[in-house]
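J.: Below: one structure in structure tokens.
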Amino acid sequence: MKTLSDQAIGTAHGKIILIGEHSVVYNKPAIALPFPAAHVEVTIESILGDSEIHSNYYEGPLSSAPVSLENLTKTIEAICLDLGYALSGMRIAISSLIPSERGMGSSAAVASALVRALFNFFEQPLAYEQLLHYIGISEKIAHGNPSGLDARVTSGNQPLFYTKSKTPEPFDFHLTGYLIAADTGLKGQTREAVQDVASLLKKSKRKTRFLLDSLGKLTVQARVAIEQDDIADLGRILTKAHHHLADLTVSNDKLDQLVKTAIEHGALGAKLTGSGRGGCMIALTKTFGQAKHIANELMKNGAVETWIHSLGADTNE
Ligand code: MEV
């Protein structure tokens with residue numbers, strides 16, 4: 001009989017969508033970055049009897065896990081079935097530093113770490129396409145109609161220029177500046193926001209098409225600004241994208257307020273990131289000192305957490 005590993009680990013990390021959320025669902029390009037500051041680890045240990053899940057949201061038998069974890073339980077079931085192993089005998093512990101439902105790719109990252117941990121536990125090789133397939137099972141349950149961007153960026157280490165129907169293009173991203181991410185403290189609503197954009201497209205076809213097309217064009221312009229190391233232009237592009245996203249109804253008062261605060265305090269640009277309606281926003285600055293100042297102002301104006309991320313080339317304060 002095959003002896004399974006006593007303990008197996010799988011990891012993944014969060015993501016930040018720089019530009020192109022929502023329009024990426026409609027086959028427009030998006031740019032996203034891995035966000036290693038937000039990390040997730042899944043550990044699986046052999047136990048006797050029924051499998052268990054241990055997470056911040058639920059502790060108990062796998063068979064009694066709540067519907068909110070169905071994306072994970074169905075993924076576990078699919079893998080066990082495909083690999084020919086019983087569902088029992090596993091203690092699955094999920095430890096995530098990614099705030100959940102905040103547009104940082106928490107659901108895709110947890111799924112990615114889980115799939116990796118299961119394949120390690122069963123001592124099976126895991127091809128990248130297989131990893132994406134199983135994250136896709138989880139994301140379809142969690143979000144309905146995922147573009148696949150979160151799955152790729154949370155499980156890879158490179159910034160991506162991503163269009164759903166094309167081979168993703170990793171690209172070297174060295175921009176002289178800093179990105180601040182700020183959490184509104186409000187849960188985003190990916191499923192609802194994605195569905196509402198789809199309804200808007202049916203109701204106001206011309207206007208919605210225009211907004212989606214413009215977001216696609218802004219993403220291409222953002223890529224040029226990055227390649228030219230022009231963070232001021234990138235900032236302007238991001239702010240325009242925020243207004244388009246607001247017109248698509250996926251912003252909310254707190255996101256708008258934090259975007260305004262960032263710009264009033266000298267950010268080169270700011271926008272919501274991820275599905276919106278809560279979750280996180282991002283802002284750009286040239287120097288670390290400006291980034292610290294804006295992060296403080298965002299905290300004073302209602303953000304519950306901020307992160308500062310160097311975009312590659314460090315500058316003097
Ligand atoms: C969610 O992180 C990003 C969306 O564009 C949905 C998707 O790409 O699946 C809103």
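The values are calculated or read from the model by the stated rules, or taken from the named source; none is laboratory data. Treat the numbers as computed from the prediction; the structure is a model and nothing was measured. Note that we place each Cβ from the backbone using ideal geometry, even for glycine, and neighbour counts take in every protein chain shown. Surface areas here come from the heavy atoms of the whole protein model, side chains and all, with no ligands, DNA or RNA. Shrake-Rupley method; radii C 1.70, N 1.55, O 1.52, S 1.80 Å.
J.: How much length would be gained if the chain were fully extended between residue 249 and residue 74, taking 0.36 nm per residue of separation minus their Cα-Cα distance, in nm to one decimal?
T.: 59.9 nm
J.: Taking the alpha-carbon centroid of each part, what is the distance from segment 223-242 to segment 39-54 in angstrom?
T.: Between the Cα centre of segment 223-242 and that of segment 39-54, the gap is 43 Å.
J.: In whole percent, how big is the carbon plus sulfur part of the accessible area of segment 164-317, probe 1.4 Å, protein atoms only?
T.: That fraction is 49 percent.
J.: State to the nearest 20 debye the size of the charge dipole of segment 1-95 about its Cα centre, where the only charges are +1 on K and R beta carbons and -1 on D and E beta carbons.
T.: 340 debye
J.: Which entries in 140/217; 187/217; 15/240 show an alpha-carbon gap greater than 24 Å?
T.: 140/217; 187/217
J.: Turning to a different aspect of this structure: Compare the peptides 107-114, 69-76 by average per-residue count of other Cβ atoms within 10 angstrom and give them in order, highest first.
T.: Highest-to-lowest ranking by the protection proxy: 107-114, 69-76.
J.: State which entries of 254/292; 203/260; 271/300; 254/300 exceed 23 angstrom in Cα-Cα distance in the structure shown.
T.: Flagged as over cut-off: 203/260.
J.: Report, to the nearest 10°, how far helix 205-227 tilts away from the longest principal axis of the Cα atoms in the chain, using its own Cα long axis and a range of 0 to 90°.
T.: Roughly 90 degrees, rounded to the nearest 10.
J.: Also: What is the Cα centroid distance between segment 253-292 and segment 113-132, reported in whole angstrom?
T.: Using only Cα atoms to place each centre, the spacing works out to 36 Å.
J.: When a/c is below 1.5 the answer is rounded, else prolate if a/b is larger than b/c, else oblate, so apply that to segment 142-273 with a ≥ b ≥ c taken from the square roots of the Cα gyration tensor eigenvalues.
T.: Note, shape of segment 142-273 comes out rounded.
J.: Now a separate question. Take every DSSP beta bridge whose two residues both sit in segment 7-169, then give the antiparallel share in percent to the nearest 5.
T.: Of those bridges, close to 90 percent are antiparallel.
J.: Taking the 0 to 90 degree range and rounding to the nearest ten, how far is the long axis of helix 253-264 tilted relative to the main principal axis of the chain, both from C-alpha atoms?
T.: So the helix axis and the longest Cα principal axis differ by about 50 degrees.
J.: Ok, one more. Based on DSSP H runs of at least 4 residues, each adding -39500 (n - 2.57), what is the mean residue ellipticity at 222 nm of the chain after dividing by all its residues, to the nearest 500 deg cm²/dmol?
T.: Rounded to the nearest 500, it is -13500 deg cm²/dmol.
J.: OK, next. Could you give me the ³J(HN,Hα) list for segment 183-200, computed from phi with Karplus coefficients 6.51, -1.76, 1.60 and θ = phi - 60°, whole Hz, x at Gly and Pro?
T.: 9, 6, x, 9, 5, x, 10, 4, 4, 5, 5, 5, 5, 5, 5, 4, 5, 4
J.: Provide, for q = 0.18 Å⁻¹, the log10 of I(q)/I(0) from a solvent-free Debye sum over equal Cα point scatterers in segment 239-317.
T.: Computed log10 I(q)/I(0) values: -0.68.
J.: At 1.567 mPa s and 4 °C, plugging the Kirkwood radius over alpha-carbon pairs of segment 7-169 into Stokes-Einstein gives what diffusion coefficient in µm²/s?
T.: The Stokes-Einstein estimate is 82 µm²/s.
J.: What fraction, in whole percent, of alpha-carbon pairs in the chain exceed 34 Å separation?
T.: That fraction is 24 percent.
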